Structure formats: C-alpha cells, structure tokens
1. Find the strands (runs of 3 or more DSSP E) located wholly in segment 200-251 whose residues include 3 or more that are buried (at least 18 other Cβ atoms within 10 Å of the Cβ), and list them.
2. Only one of these is within 16 Å of the ligand (Cβ to nearest atom), under 18 Å from the mean Cα position of the chain (by Cα) and open to solvent by less than 30 Å² (accessible area, probe 1.4 Å): LEU82, LEU96. Name it.
3. Please find, within segment 146-194, the residue that is surrounded by the most Cβ atoms within 10 Å (Cβ to Cβ) out of those that are in a loop (DSSP other than H, G, I, E, B) and within 16 Å of the ligand (Cβ to nearest atom).
4. So which pairs qualify, if the first residue must be in segment 90-101 and under 24 Å from GLY62 (Cβ atoms), the second must be within 11 Å of the ligand (Cβ to nearest atom) and among the polar types (S, T, N, Q), the Cβ gap must be under 6 Å, and the two must be at least 6 apart or on different chains?
5. For ALA277, state whether it is crowded, with 21+ Cβ neighbours inside 10 Å and within 16 Å of the ligand (Cβ to nearest atom).
6. Which residue pairs have Cβ atoms closer than 7 Å, lie 6 or more positions apart in sequence or on different chains, and pair a first residue in segment 1-30 that is assigned to a helix (DSSP H, G or I) with a second residue that is exposed (fewer than 14 other Cβ atoms within 10 Å of the Cβ)?
7. Could you look through segment 109-126, keep only residues that are open to solvent by 40 Å² or more (accessible area, probe 1.4 Å) and within 17 Å of LEU36 (Cβ to Cβ), and pick out the one that is farthest from the ligand (Cβ to nearest atom)?
8. List the number of the failed condition for MET63; all other conditions in (1) more than 16 Å from the ligand (Cβ to nearest atom); (2) open to solvent by 20 Å² or more (accessible area, probe 1.4 Å) hold.
Amino acid sequence: MSAAIIDGKAVAAELVARVAEAAAALKVEAGVVPGLAAVLVGDDPASAVYVRSKGKRTREAGMASFEHRLPATATQAELLDLVARLNIDPQVHGILVQLPLPPQIDAAAVIDAISPAKDVDGFHAINVGRLASGLEAMVPCTPLGARMLLRRALGDMSGAEAVVLGRSNIVGKPMAQLLLAENCTVTLAHSRSRDLPALCRRADILVAAVGRPEMVRGDWIRPGATVIDVGINRVAGADGGSRLVGDVAFDEAIAVAGAITPVPGGVGPMTIACLLANTLTACRRSLGLASATLFD
Ligand code: GUN
C-alpha cells in the first residue's frame, strides 16, 4: 500500500481564493482594503525572495502590500521607529518583520514592539500566551497551515497520539498547542529526546519540523500514520544540481504512512496562504468584525 499524498498546493489555492473573496466583500461592505507591511532588513537573497513573493501574493488576493527595506547596517532604533510608524498606520493591518535579522538587532525586542493586533506572524508574547490559554490569538502561519491540512485529511483528531518533532517558536511549540486544542495527546520531541525513532513510532500524527534533511526514516513511522513534513532543505542532487527535500525520507515513508505531505507542494504553499488569511483576520478584528470562516 502507498500513502495518500496531501496536496498542499491545491488546499492553499482554495484558501487564497476564500481570502480574496472575503477581502473583496470587505471592500464593498466597509470600504476597507486589508494591508500587509513586510519589512526586510539587509539583503539575504532567500529572505528577499520570500518578501517579494509575499508582496506579489498579497496583491493577487486583492489586498494592499507595503514593502519596507532597510540596509543590513540599520540600527535597532531605526527598525523600532519603522515598526512604531506601521503600528499606527491605519492602512496597515498586518506587520511582518522577516527573520533572521542582522546580529546588531535584538529580534525579541523587535517582535515585542509589534502591535499584537497586527502581529500576523503570531510571534508576540501576547499571542503566544493567548494561544496557549485557548484565547483568540494570531497564530503562526506554518502550524496554522499544517492544522488545515490535518483537518482535511483526518477530520476529528480527538484522542490521536500526535508527535511534533522540533521545538521552535515558529513551528514546533505553536503546532503542539494547536494539536492539543484538537484534543490530541501531544508529545513535543526534540534533538535531546531519548530514542526518537521509538517516540515517532507511537504517532498517529507525526509533524516533522527539525530542519534536517530526511532525518525521519520509514521505520520511524507507524503504519497508516498521517505525516506532515514541514522541512524544506536544499541538498545536492545526483545531477550535480540541487533539489529540495523535507525532514522525512519521502520514498521510505510513502510505503508506510497512511497520508503524507510532499516537499515541495505540501506545507510550504500553505504558509503564505495563512499569512494572507491572518492579514484578513487582523483587518476584520480591527473593524470589530468576527473572523471569516476560512480554514474548514
Ligand atoms: N523567516 C522564516 N520563516 C519566517 C516566518 O514565518 N516569518 C517571518 N517573519 N520570518 C520568517
């Protein structure tokens, strides 16, 4: 038997279409266009690609995109000043400061300065705490996208054993919170966990977010499990070029899992789609409106 492939690209396209429709309706009903400000400090090529792509996708969804670039030599005071201006700009409903930041800048202080209501990354301590408390929060985009794929693949997750591999603030920790809220029994495993293969084999739902190419082997996977691969790793290809692989050895996993996300085309496309959804949500909340139904 071979696992079902979870088509993140298709689900992301559907989510973006819903966001675009809701944004268009908001413009008609309230005369407001949701706006996302993306801030790039320095000229890391990968970050520049991400920020450009976020801007393009934002405009395609009928929302306003504001791109701000600061030189790699920018001071923390300059970045904090920009964030302060975006916090009070009525056209800006979402603020994203692309990480990583240059070493002279304290990323935690910058995240702390973003208005929690505009924190579409969900990185501010207020949002982290609200998510952990089960309150309405801005939720980090990658785990939000992974949850949507899991809901599509599984429906009710109550009672499932979920193992999250990786304890980052961006993915692992919020993913664990979301799975707990879905009534899973959650294990948050990491590089110091004892006997990772055995831990992973317990999982009905396995989320790999460690950033190590193909670390999760086929024999780490429980037969029939649903596997969400958050990794995007560039490795040398056989032809002398390079190729993208996930944190899961896909060719091995597909023979064991019940369903699995591919890399690319799994979780990746969901992240930007969720960023657009969070921007729409932030805009609606700023107007006192409930969140649109986007993620079912
Ligand atoms: N760098 C890598 N991933 C992310 C993300 O989700 N948000 C931001 N702001 N920076 C990132």
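1. Values: elements: 205-208, 226-229, 233-236, 242-245.
Once the strands (runs of 3 or more DSSP E) in segment 200-251 are filtered for at least 3 residues that are buried (at least 18 other Cβ atoms within 10 Å of the Cβ), what remains is 205-208, 226-229.
2. Working: LEU82 fails: under 18 Å from the mean Cα position of the chain (by Cα).
Selected residue: LEU96, the only one of LEU82, LEU96 that is within 16 Å of the ligand (Cβ to nearest atom), under 18 Å from the mean Cα position of the chain (by Cα) and open to solvent by less than 30 Å² (accessible area, probe 1.4 Å).
3. VAL171
4. The qualifying pairs are GLN98/SER47.
5. Values: crowded, with 21+ Cβ neighbours inside 10 Å: yes; within 16 Å of the ligand (Cβ to nearest atom): yes.
Yes; evaluated as a whole, the condition is true for this residue.
6. ALA30/LEU287
7. Only one residue tops the list, namely ALA117.
8. (2)
The values are calculated or read from the model by the stated rules, or taken from the named source; none is laboratory data. As the structure is a computational prediction, the values presented were derived from the model and not from experiment. Glycine also receives a Cβ, built like all others from the backbone with ideal geometry; neighbour counts cover every protein chain displayed. Surface areas here come from the heavy atoms of the whole protein model, side chains and all, with no ligands, DNA or RNA. Shrake-Rupley method; radii C 1.70, N 1.55, O 1.52, S 1.80 Å.
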